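Enquirer: One structure, as structure tokens, below. Some questions next.
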Amino acid sequence: MNEEQLSREAADDKMINDAFEHLLQTYTASRHRQKVDDITKAFNFARQAHKGVRRLSGEPYIMHPIAVAQIACEEVGLGSVSICSALLHDVVEDTDYTTEDIENIFGPKVAQIVDGLTKISGGIFGQQASAQAENFKKLLLTMSDDIRVILIKICDRLHNMRTLESQPANKQYKIAGETLYLYAPLANRLGLNRIKTELEDLSFRYEHPEEYLSIQKKLASTQESRHELFDQFTQPIEESLQKMGISYEIKERIKSPYSIWNKMQNKHVTFEEIYDILAVRIIFKPKIREDEINECFGIYVAISKIYKSHPDRLRDWLNHPKANGYQALHVTLMSKQGRWIEVQIRSDRMDEIAEQGFAAHWKYKEGEVGEITEDEGELNEWLHTIKEILDDPQPNAIDFLDAIKLNLFASEIFVFTPKGEIKTMPAGCTALDFAFSIHTFLGSHCIGAKVNHKLVPLSHKLQSGDQVEILTSKSQHVQPSWVNFVSTAKAKAKIQAVLRRDGKAVQRQGEQTLNDFLSANNITLSNEIIAQLAAFHDVATPDAFFQALGEKTIILGEKDVDELNGKKKKQGTSKGWRKFVPFLGNKQKEEKEEQPQLFIVPEKFNRKKPIFITDDNIRQYKFVSCCHPIPGDDILGFIDSKNQIEIHKRDCPVAAKLKTSYGNRILDAKWDMHKKLFFDATLQMQGIDRIGLLNEVTQVISQQLNVNIHTVNITCDEGIFNGVFELRVHDRDDVKEIMDNLKKVSDLKEVKQIL
């Protein structure tokens, strides 16, 4: 072994030993029982098992398990069993050791958690099955045995996100997409607020690097004025709290880059127009632990004497904590500078639970420190919901993930039964959701409801505080339209199960119809024939095709025989391909254009390299209508079932599901356009109507900027001007320039892009 190798090994050993020493120091400083020997034994075992293996970043592999254990200990507050499991979490998957070996050396508890973590990561899935959805399903199944499995998995994901730099771009989009879609909401649901925020910010940073840097710079440049506002606002509050003899701490809470960007997208506002970037957090040590809720309200009364509070923005999470255990009192006050500022009041215990979630709950339980108690009511109810979803698994991976998201990650409202019992339901739920949440029979036979003693339809959306009585009839049956207005996973799953049961009979009828038709035309039935006919009638699956045949919404005839015999219809000039192409070139050339040859991904295609979209090859890609990307947008490619490439915006909701469910088919895509082609962009504007306003708007667009207006839709109602302009632009920079110029037009109050 040469000197260079020896010195590298020595440097590696020092790095590994320092990282482990730091982990032990963090652990011994915690409130957990000191089981240092167990942790050291797990470390030595994992170090030996991963010897010689390196990560993509080049560092020794053992650094990853140490980092995951460090996060579990320091940031989630877990004990020795979890730390040992985190150190060993990749041993069974990546080395020759088995779960039995782990059990013999470290005992059944650690083995069970390591086995749960291995199940999540392992497994080989087909192209159609979603590896991530399957992993997630396994994760949820193992969660019901021990919640620590999911907590360590979240720590593992956090470390992977922190070291995502060494991965190629297509992998970054896949992992960031999964994180935003699944892991960040899951961390939120378990009350891991700090981790949720970091996961969101890291995902945002890799998916939209330019926007992330822009927001970071703006936050840095406005930091001084925020500090000044914070000091002026909190000074009288501090004086008041000191007079009351309260032991407290006041913190400045800054909105995260991801949530700022999210608000900018959803509300169509600029960074400067967001007023709640700053919030104030008062954390106090209660004089009597049992009286902390009253003390919270005491502080609220004191500060509302200093500042006027917003009547509609008082959020009481004290008496009814959120489902993830979060407790606090939120109040919005008017500062002397004329700005609304949110103040969050919570005790030190509530603050710890807000940051560390259920893990912090355990510290406040009687019994062995760091061990999980069984009476986590909310958590057990949550796990019960998961089991219900898993009992009736959705046939499609994306449907399954949607079902999970619908139910577990929604914010909640409180609803009362006729007897006054309180039920927690997801926000946006309907009377029918409530019926199914009580009992499947009640939901299946529901004809309506009385909300606050008034008769309402099944689709009526419930509000917090509503008292709901469900009305049923034995003659009522589940209707297909019900799926469209329920929002909870349980109701959706039950309705779909009943419909599937009823649909099976209709499908059998459809199969018989197809058999008879093919026999009459001397065609042999095969899977290829079924797939060809389903595609011909634009139906996604064979089951849906049989269903349509059974319901007689599709009637087979001569055109189907022609299709099967290969007598294709003559292609039209533009209709066949226009739906995939959102841009316009030279009109005369376009009329003569044949159907463009879409690019087919070859078998040995390098998916790690980006694809470049140019003026010449743009017609080789599919531009589907879900998000309408134009040059300048952050985009990605997706290899569809026909091996053709779809182009989506990175923040498109459809792309979010694709990243999570079919991550291995995601490609990095970049624009290389030279302002030759035109694209559609639709702007919506609102303002105070006056004579000449429309003229000024069209002058800015057409004369100043020389942009072609394609269609205009104007309404003027009660002095309010509303306009929708469809324009022809080259790229996103054109859109930005148009919007910036329009914002200078007096009386035009809002300009936003809707497509």
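The values are calculated or read from the model by the stated rules, or taken from the named source; none is laboratory data. In this text, all values refer to a predicted model and were calculated from it rather than measured experimentally. No Cβ is skipped: glycine too gets one built from the backbone with ideal geometry, and neighbour counts run over all protein chains shown. With ligands, DNA and RNA removed, areas are computed over all heavy atoms of the protein, side chains included. Shrake-Rupley method; radii C 1.70, N 1.55, O 1.52, S 1.80 Å.
Enquirer: Need one number: convex hull volume per residue for segment 1-126, Cα atoms only, in Å³. Walk me through the numbers on the way to the answer.
Expert: Numbers: hull volume 16.4 nm³, N = 126.
So the per-residue Cα hull volume is 130 Å³.
Enquirer: Still on this structure, I have one more. As an exercise, take the mean of 1/r over every pair of distinct alpha carbons in the chain, invert it, and state the Kirkwood radius in angstroms.
Expert: By the Kirkwood definition, the hydrodynamic radius is 30.2 Å.
Enquirer: What does the extension gain come out to for Gln242 and Ile288, with contour length at 0.36 nm per residue minus their alpha carbon separation? Before the final figure, lay out each step's value.
Expert: Values: separation 46, 0.36 × 46 = 16.56 nm, distance 1.74 nm.
Result for the pair: 14.8 nm of gain on full extension.
Enquirer: Per residue, how much accessible surface does segment 3-114 expose to a 1.4 Å probe? Answer in Å², no decimals.
Expert: 49 Å²
Enquirer: Distance in nm between label sites at Arg728 and His330, each 7 Å beyond Cα in the beta-carbon direction?
Expert: Those two pseudo-labels are separated by 4.7 nm.
Enquirer: Among the listed pairs Lys263/Lys649; Lys642/Lys736; Lys153/Lys659; Lys423/Lys454; Lys153/Lys657, which have their C-alpha atoms separated by more than 24 angstrom in this model?
Expert: Lys642/Lys736
Enquirer: Over the Cα atoms, compute the radius of gyration (one decimal) and Dmax (the largest Cα-Cα distance, rounded to a whole number) for segment 1-66, in Å.
Expert: Gyration radius and largest Cα-Cα distance of segment 1-66: 13.6, 46 Å.
Enquirer: Additional query: With runs of 4+ DSSP H residues as the only contributors, calculate the mean residue ellipticity of the chain at 222 nm using -39,500 (n - 2.57) per run, divided by the residue total and rounded to the nearest 500.
Expert: -14000 deg cm²/dmol
Enquirer: In square nanometres, what is the average projected area of the Cα convex hull of segment 183-277?
Expert: 7.8 nm²
Enquirer: For segment 226-317, what ratio Rg/Rh do Cα atoms give with a Kirkwood hydrodynamic radius?
Expert: 1.03
Enquirer: Quick one: divide the alpha-carbon radius of gyration of segment 411-464 by 2.2 N^0.38 Å and tell me what you get.
Expert: Here the Cα radius of gyration is 1.03 times the empirical estimate.
Enquirer: Just the ratio, please: alpha-carbon radius of gyration of segment 416-540 over 2.2 N^0.38 Å, N its number of residues. Working shown, then result.
Expert: Numbers: Rg = 20.4 Å, N = 125, 2.2 N^0.38 = 13.8 Å.
This ratio for segment 416-540 stands at 1.48.
Enquirer: In the full protein assembly as shown, how much of His330 is accessible to a 1.4 Å probe, in Å² to the nearest 10?
Expert: Approximately 20 Å² of His330 is accessible to the 1.4 Å probe.
Enquirer: Express in % the proportion of alpha carbon pairs of segment 694-755 at distances exceeding 17 Å.
Expert: The answer is 34 percent, as a whole percent.
Enquirer: From the P(r) of segment 467-523, could you give the percentage of C-alpha pairs in the tail past 18 Å? If you can, show how the numbers build up before the last one.
Expert: On the way: 895 of 1596 pairs.
Beyond 18 Å sits 56 percent of the P(r) for segment 467-523.
Enquirer: Based on alpha-carbon positions alone, could you give the equivalent ellipsoid semi-axes of segment 599-716 from the gyration tensor, as √(5λ), descending, whole Å?
Expert: They are 37, 17, 10 Å, listed from largest to smallest.
Enquirer: Using a 1.4 Å probe on the protein chains only, how many percent of the accessible area of segment 619-719 belongs to carbon and sulfur?
Expert: 46 percent
Enquirer: Just going by the charge dipole of segment 628-755, with Lys and Arg at +1 and Asp and Glu at -1 on Cβ, which of Cys716, Phe638, Ile701 is farthest out on the positive end?
Expert: Phe638
Enquirer: Also, I was wondering about something else. About its Cα centre, what dipole magnitude does the chain give when the only charges are +1 on Lys and Arg Cβ and -1 on Asp and Glu Cβ, stated in debye to the nearest 20?
Expert: Dipole magnitude for the chain comes out near 1540 debye.
Enquirer: Follow-up question, since we're still on this one. What does the convex hull of the Cα atoms of segment 472-563 come to per residue, in Å³, rounded to a whole number?
Expert: Per-residue hull volume (Cα only) is 117 Å³.
Enquirer: Let me ask something else about it. Could you pull out every one of the aspartates and glutamates with an alpha carbon less than 13 Å from that of Lys749, ignoring same-chain neighbours closer than 8 positions?
Expert: Glu273, Asp689, Asp740
Enquirer: Please identify every one of the trypsin sites (Lys or Arg not before Pro) in segment 468-569 that sits in a loop by DSSP and has no more than 12 other beta carbons within 10 Å of its own beta carbon.
Expert: Numbers: sites: Lys474, Lys490, Lys492, Lys494, Arg500, Arg501, Lys504, Arg508, Lys552, Lys559, Lys567, Lys568, Lys569; in loops: Lys474, Lys552, Lys567, Lys568, Lys569.
Within segment 468-569, the qualifying trypsin sites (Lys or Arg not before Pro) (loop, at most 12 other Cβ atoms within 10 Å) are Lys474, Lys552, Lys567, Lys568, Lys569.
Enquirer: Shape verdict for segment 458-499, please, from the Cα gyration tensor: rounded (a/c under 1.5), prolate (a/b greater than b/c) or oblate.
Expert: It is oblate, given that a/c is not under 1.5 and a/b is not larger than b/c.
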